[in-house]
Amino acid sequence: MPKKAIKPFITYSDQLNVLTQKKQLNISDLSYAEGKLHDIGYYSLIDGYKDIFYNPMTRTYEEGTNFTDIVALYEFDENLRSLVFKYICHVEQKIRSLISYSFCEAFSENQSAYLSPTNYNISKKNSRDISKLISILTYEANQNTEHSYVVYQRNTYGNVPLWVIMKTLTLGQTSKMYSFMLPSIKSKVSVHYGNITEKELIQYLKVLTIFRNICAHNERLFSFKTRFEIPDTALHKKMGIPQKGTQYLYGKHDMFALLIAFRYLLDKEDFKSLKKELTKLFNTFSTATLATQKSKLLHAMHFPPNWANITRYKL
């Protein structure tokens, strides 16, 4: 199949002409619009955030769409990333604390404990990945000089306990570490989340890891979907999420799935704060755009119309 011609470079003025003349986008303040293109870039702003306002059949914007609508969505997503990252860090801190406490309670504070493959759920399937994890832990404990608190433990005590080394691990590494723990350790950790099994917690952590990376890399978040899924939950049923066969149509690997994950992984007050801040973001977006745009945004995020009822149901 022949490749399309490379898109040529065009000036800010030409970009604005394309948007207004060819794409039929309303731009009331050309100077403001050019400033945004200069600060953000056409690709990141327009190509990244036009979808809910754009008709791909006609290749024009829907009637009444203004340049400021696209900017409002960009800013919504920017603030959404900050909000999501904040609460993923809350989950991350708790899981680190629970893993290190439960593991050390069982095997001691000596670094030799977490560097020994016998203290993990060794199997033919896991052995290679466990070896990789132990290599990472060995480097962090014995060689890495980037973290002063690790160097202090190493030089002062000749030992870096797990509760110290956990701070050096990424959420992805922490998630894998939990999945390789002995069943008894995994159970001690998952019990702190109430209605989550060890297997379900692994699923949640995988999904959170992907979303955390999206936030950290400053990628578009609001419409993102991951190939990993969270478990089917009581909330899916209680909130009446529609199904196709036995598969829920949303709330499995999208932004609403992330909200459900937060409902299970955050404490009650933390989740209330998250919901309050998220509602504020939606209201700010609605104020900056036409009233109909909020429903388009919720649809793109795979949020059901009754999403705010998520705190009404017991888990």
Per residue, what accessible area does the range 73-140 have, given a 1.4 Å probe and all protein chains present, in Å²?
-> 49
In the neighbourhood of residue 188 defined by beta carbon distances under 11 Å, the net charge of the other residues (Lys, Arg +1; Asp, Glu -1) is -1
Give, rounded to the nearest 20 debye, the magnitude of the charge dipole that the chain has about its Cα centre when Lys and Arg contribute +1 at Cβ and Asp and Glu contribute -1 at Cβ.
-> 1020
On the accessible surface of the range 76-140, probed at 1.4 Å with all protein chains in place, carbon and sulfur together account for a percent value of 51
Separation of the residue 104 and residue 29 label points, Cα + 7 Å toward Cβ, nm | 5.4
With the Cα gyration tensor of the range 7-48 giving a ≥ b ≥ c as the square roots of its eigenvalues, does the rule (a/c under 1.5 for rounded; else a/b larger than b/c for prolate; else oblate) give rounded, prolate or oblate?
-> rounded
Whole-Hz couplings from phi, Karplus 6.51/-1.76/1.60, listed for the range 253-266; x for Gly and Pro = 9, 10, 5, 6, 4, 5, 5, 4, 4, 4, 4, 8, 9, 8
Applying the Karplus parametrisation 6.51 cos²θ - 1.76 cosθ + 1.60 with θ = phi - 60° to the phi angles of the range 200-205, what ³J(HN,Hα) value in whole Hz is obtained for each residue in order, glycine and proline being reported as x?
-> 5, 4, 4, 4, 4, 5
Per-residue SASA entry for residue 149, accessible area with 1.4 Å probe, Å² rounded to 10 = 70
Please list, or write none, the aspartates and glutamates whose alpha carbon is within less than 12 Å of the alpha carbon of residue 280, excluding same-chain residues fewer than 8 places away.
-> none
Quick one: if you stick a label point 7 Å off each Cα along the C-beta vector at residue 122 and residue 191, how many nm between them?
-> 2.7
In vacuo Debye sum over C-alpha of the range 188-315, base-10 log of normalised intensity I(q)/I(0) at q = 0.21 Å⁻¹, listed in q order, is -1.46
Backbone HN-Hα couplings from phi across the range 158-171 [Karplus 6.51/-1.76/1.60, Hz, Gly and Pro as x] | x, 7, 10, x, 4, 5, 8, 5, 4, 5, 8, 8, 6, 5
Express in nm, to one decimal, how much length is gained between residue 237 and residue 146 on full extension, taking 0.36 nm for each residue of separation and deducting their alpha carbon distance.
-> 28.0 nm
To the nearest 0.05, how large is the calculated FRET efficiency for residue 59 and residue 163 if R₀ is 45 Å and r is the Cβ-Cβ distance?
-> 0.20
Using R₀ = 30 Å, calculate the FRET efficiency as 1/(1 + (r/R₀)^6) where r is the Cβ-Cβ separation of residue 227 and residue 279; round to 0.05.
-> 0.55
So what's the angle, to the nearest 10 degrees on a 0 to 90 scale, between helix 148-157 and the longest Cα principal axis of the chain?
-> 0
Which label in [x] 22.3; [y] 23.2; [z] 20.6 gives the computed Kirkwood radius over Cα pairs in Å = [x]
Computed for the range 245-307: size of charge dipole around the Cα centre, +1 on C-beta of each Lys and Arg, -1 on C-beta of each Asp and Glu, debye to nearest 20, value 160
Please go through the residue pairs 22/225; 94/314; 176/252; 124/188; 206/296 and name each one whose alpha carbons sit more than 26 Å apart in this structure.
-> 22/225; 206/296
Rounded if a/c is under 1.5, else prolate if a/b beats b/c, else oblate: with a ≥ b ≥ c from the C-alpha gyration tensor eigenvalues square-rooted, which is the range 263-306?
-> oblate
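The values are calculated or read from the model by the stated rules, or taken from the named source; none is laboratory data. Given the structure is predicted, the values throughout are model-derived calculations rather than measurements. Glycine gets a Cβ as well: all are built from the backbone with ideal geometry, and neighbour counts include every protein chain shown. For the accessible areas, the whole protein counts, side chains as well, though only heavy atoms, and no ligand, DNA or RNA atoms are used. Shrake-Rupley method; radii C 1.70, N 1.55, O 1.52, S 1.80 Å.
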